[in-house]
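A quick write-up on the structure given underneath.
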Amino acid sequence: MGFFEIFMIGIGLSMDAFAASICKGLSMRRASLKNIIIIGVFFGGFQAMMPVIGYFLGKQFETYIVSVDHWVAFFLLLFIGGKMIFDVIHEDAEVCDVTENRLNFREVLLLAVATSIDALAVGISMAFLGVNITSAAITIGITTLIISSAGVIIGNKFGSKYKNKASVAGGVILILIGLKILLEHTGIL
């Protein structure tokens with residue numbers, strides 16, 4: 001798996017964080033640079049940390065799964081991407097509290113953890129595929145930091161107009177990368 005695929009995975013994984021950061025931006029009367037950076041660091045940091053944890057968990061089971069690793073990666077990415085799309089289609093109206101002016105660190109922490117759980121599963125897939133987890137985690141983390149910081153700004157300026165589109169795009173990207181992995185390992189691509 002090369003830089004481009006890892007970068008695209010980073011974009012796909014960051015879409016949940018992007019949607020959450022749009023909501024956070026929407027809830028702020030004024031998005032200060034400090035709050036934008038804090039939200040970006042929380043989301044980016046957890047998106048970088050979770051694949052590392054998943055990677056080491058995956059390495060523990062690698063000998064048992066090595067013959068079907070491409071199928072595991074495909075189904076994990078299919079599930080994660082499909083869930084992102086499903087959540088948009090079957091979403092109950094999510095309301096962002098627009099009265100907030102300060103950042104609630106506990107809430108941002110919980111959002112960062114919740115939006116990075118998918119990255120844990122991706123880290124497991126990366127263990128099976130022999131990916132350099134250090135560069136992958138850094139790429140995913142920086143990508144998410146930038147995208148979620150932009151999400152705060154976009155949410156603050158334009159509202160929740162792009163939240164659902166971002167989640168669908170992220171889901172489609174993850175599914176396509178999973179399909180590419182499967183096709184490469186089966187010799188079709």
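The values are calculated or read from the model by the stated rules, or taken from the named source; none is laboratory data. The structure presented is a predicted model; accordingly, all values stated were derived computationally and were not measured. All Cβ positions, glycine included, derive from the backbone under ideal geometry; neighbour counts span all protein chains shown. Accessible surface areas use protein heavy atoms only, side chains included; no ligands, DNA or RNA. Shrake-Rupley method; radii C 1.70, N 1.55, O 1.52, S 1.80 Å.
Annotations for the structure displayed:
- Listed by first and then second residue, the pairs linking a residue in the range 114-132 that is more than 17 Å from G2 (Cβ to Cβ) to a residue that is of a type in the set (S, T, N, Q), with Cβ atoms under 6 Å apart and 6 or more places separating them unless they lie on different chains, are S116/Q47; A119/Q47.
- Residue in the range 43-66 that is within 23 Å of L176 (Cα to Cα) and at pLDDT below 85 present: yes
- Within the range 165-189, the residues that satisfy the criterion of being within 14 Å of D16 (Cβ to Cβ) and either open to solvent by less than 60 Å² (accessible area, probe 1.4 Å) or at pLDDT 90 or above (or both) are A166, S167, V168, A169, G170, G171, I173, L174.
- Residue count for the range 70-82 under the criterion of being more than 18 Å from the chain's Cα centre (by Cα) and either surrounded by 20 or more Cβ atoms within 10 Å (Cβ to Cβ) or at positive phi (or both): the result is 1.
- Members of the range 9-37 found to be modelled with pLDDT of 85 or more and either of a type in the set (D, E, K, R) or surrounded by fewer than 17 Cβ atoms within 10 Å (Cβ to Cβ) (or both), listed by number: S32, L33, K34, I37
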